[in-house]
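The values are calculated or read from the model by the stated rules, or taken from the named source; none is laboratory data. A quick note: this is a predicted structure, and the numbers were derived from the prediction, not measured. Don't worry about glycine lacking a Cβ; one is built from the backbone with ideal geometry, like all the others, and counts go over all protein chains shown. Heads up: the accessible areas ignore ligands, DNA and RNA and are worked out on the full protein's heavy atoms, side chains in. Shrake-Rupley method; radii C 1.70, N 1.55, O 1.52, S 1.80 Å.
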Amino acid sequence: MPKILVVNGPNLNLLGKREPDIYGTLTLDELNENLNKVASELHFDLQFFQSNSEGSIIDFIHGYGFEADGMIINPGAYTHYSYAIRDAIAGVGIKTVEVHLSNIQEREEFRKISVIAPVCINSVIGYGARSYEMALAYFSDNRQKD
Ligand code: DQA
């Protein structure tokens, strides 16, 4: 079964408690559990990782990115300025879909820029927890293509 890494960056461990009007009431564990159900229907094996630290996210991408078939990443605020995470994705060459719960195009100016998007094959933004499911659907729809 193809393996997809699911990486969540800083503050996403607070999902459910954190600004629920923006990010919803689902916890990260619940979100991951729901995503696992979708993954089993689509025949994907998911490996989850969350960290609040840039270096740990980079180390995880280095450690697992070469052997995995794809990655879904919500880099949190690192989206907007982490050239280091961007370089890690480019460095391992893993097919990556960037996701965001909120619509970063409709919020503060600083959120409108993603330095991660240019090294991703797609971005899904603004659908809440469904953004992750849509990213998985994208991997499923494009399974054959290289
Ligand atoms: C986020 C959007 C980011 O701007 C923010 O810093 C987050 C969450 C989202 O999923 O909507 O932490 O990535």
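The number of residues in region 29-48 being within 23 Å of Arg86 (Cα to Cα) and touching a Leu at 6+ places or on another chain (Cβ under 7 Å) comes to 2. Among the residues of region 1-12, the ones that are open to solvent by 60 Å² or more (accessible area, probe 1.4 Å) and farther than 27 Å from Ser140 by Cβ come to 1 in all. Can you confirm whether Ser82 is crowded, with 18+ Cβ neighbours inside 10 Å, of a type in the set (Ser, Thr, Tyr) and within 25 Å of Asp21 (Cα to Cα)? The answer is no for Ser82. Listed by first and then second residue, the pairs with beta-carbon distance under 8 Å, at least 6 apart or on different chains, first residue in region 11-35 and closer than 17 Å to Gly126 by Cβ and part of a helix (DSSP H, G or I), second modelled with pLDDT under 95 and open to solvent by less than 30 Å² (accessible area, probe 1.4 Å), form an empty list.
Looking at region 121-142, which of the residues that are more than 15 Å from the chain's Cα centre (by Cα) and either assigned to a helix (DSSP H, G or I) or within 12 Å of the ligand (Cβ to nearest atom) (or both) is surrounded by the most Cβ atoms within 10 Å (Cβ to Cβ)? This residue is Ser140.
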